[in-house]
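Data first, discussion second: the structure below is written as structure tokens.
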Amino acid sequence: MTSSRVLHSMSYDEQRIAELLRLLPPAPVGLVRAAQELPAARAAIDEIVARAEADADLRARLVADLERALQAEGYDPAPAVVRALRELLDAQ
């Protein structure tokens, strides 16, 4: 009997959920910006990894000096991209 009361009191309709969401503070600007940039960063990472898998010379340059190799290839060596690429290159 208790569990049905708990479930009933915890169920919200869409209107109530919307009301509760409106009470939340806005997301920090930096977090919003990072979320907006994430798809492009992932696409760049995937492209760089695919190119490194197909080109041993590029892979060697990336492993030797990642930031410089990225700049030479026309990519922005953003810290998050560099960190992700290091992890991927080290794993292979």
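Summary table below
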read-out	value
Residues within the stretch 26-72 that are over 22 Å from the mean Cα position of the chain (by Cα), of a type in the set (Asp, Glu) and either surrounded by 11 or more Cβ atoms within 10 Å (Cβ to Cβ) or within 11 Å of Leu89 (Cβ to Cβ) (or both), tallied	2
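Residues checked against (1) out of contact with any Gly (no Cβ under 8 Å at 6 or more places or on another chain); (2) at pLDDT below 95; (3) among the hydrophobic types (A, V, I, L, M, F, W, C):
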{"residue": "Met1", "(1), (2), (3)": "yes, yes, yes"}
{"residue": "Ser4", "(1), (2), (3)": "yes, yes, no"}
{"residue": "His8", "(1), (2), (3)": "yes, yes, no"}
{"residue": "Ser11", "(1), (2), (3)": "yes, yes, no"}
{"residue": "Glu14", "(1), (2), (3)": "yes, yes, no"}
{"residue": "Leu24", "(1), (2), (3)": "yes, no, yes"}
{"residue": "Arg33", "(1), (2), (3)": "yes, yes, no"}
{"residue": "Leu38", "(1), (2), (3)": "yes, yes, yes"}
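The values are calculated or read from the model by the stated rules, or taken from the named source; none is laboratory data. Computed from a prediction, not measured in an experiment: that's the story for all the values here. Using ideal geometry, Cβ is built from the backbone for each residue, glycine included, and neighbour counts are taken over all protein chains shown.
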